[in-house]
1. Please state the charge dipole magnitude for region 12-79, taken about the Cα centre, from unit charges on C-beta atoms (+1 on K and R, -1 on D and E), reported in debye and rounded to the nearest 20.
2. Taking the Cα-to-Cβ direction at Arg66 and at Tyr108 and moving 7 Å from each Cα, how far apart do the two end points lie in nm?
3. With every protein chain present, what is the per residue accessible area of the chain (1.4 Å probe, Å²)?
4. Taking trypsin sites (Lys or Arg not before Pro) as exposed when DSSP calls them loop (any state but H, G, I, E, B) and at most 12 other Cβ atoms lie within 10 Å, what is the longest stretch of the chain free of them, the sites themselves excluded?
5. How many angstrom lie between the Cα centre of region 1-77 and the Cα centre of region 86-120?
6. When the dipole is taken about the Cα centre of region 1-118, and only Lys, Arg (+1) and Asp, Glu (-1) are charged at their Cβ, what size is it in debye, to the nearest 20?
7. Starting from the Cα of Thr57, step 7 Å toward the Cβ, then list every residue of region 1-36 with an amide N under 17 Å from that point.
8. Can you give me the long-range amide H partners of Gly114? Hydrogens built in the peptide plane at 1.01 Å from N, cutoff under 5 Å, separation of 5 or more residues or another chain.
Amino acid sequence: QVQLVESGGGLVQAGGSLRLSCAASGNIFSINAMGWYRQAPGNQRELVAAVTSGGTTNYADSVKGRFTISRDNAKNTVYLQMNSLKPEDTAVYYCNADIQKSRLGFTYNYWGQGTQVTVSS
C-alpha cells in the first residue's frame, strides 16, 4: 500500500508563513509529479503548485511569488513553503502524487488526507 501523510497545517495571522510537508511511504518504485491542491468550503479543489521529478515547477497565479514548492526525492517528500499568507488562502490542503509501484507497473494517482490551513485577518 502507498500512503501520503501531510503535516504542517494550522492557524496563522495574515502575512505569516507556514510550511507543509507530505511524505510518501509504502510500496514505491518511483514518484513522478507531486503537488499540492486546496479546497475551501463551497469551492472546487484547485491546483496550488506542482513539481516534476526533474524539478520543474508550476504554480497557480494566485500564489506565484508567495508559495514555493520543493521536493526531496531521497525522502519521497514534497514541501510547500507558504509566505505572505492571506485570508483567502484558508482551505484544506491536499498532497497529490503520481506513483509507480514497480519497474514495469502502471503509475497511479494518490491523495493525502488533507491538512487545514486557516489564515486570520
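1. Once rounded to the nearest 20, the dipole reads 100 debye.
2. Once both label points are built, they end up 3.5 nm from each other.
3. Per-residue value: 53 Å².
4. Here the longest run is 1-63.
5. Value for the Cα centre distance between the two parts: 6 Å.
6. Result for region 1-118 is approximately 200 debye, rounded to the nearest 20.
7. 17-22, 33-36
8. Glu6, Cys95
The values are calculated or read from the model by the stated rules, or taken from the named source; none is laboratory data. Treat the numbers as computed from the prediction; the structure is a model and nothing was measured. Reconstructed Cβ throughout: ideal geometry from the backbone, glycine too, with neighbour counts over all protein chains shown. To get the accessible areas, we keep the full protein, side chains included, count just its heavy atoms, and leave off ligands, DNA and RNA. Shrake-Rupley method; radii C 1.70, N 1.55, O 1.52, S 1.80 Å.
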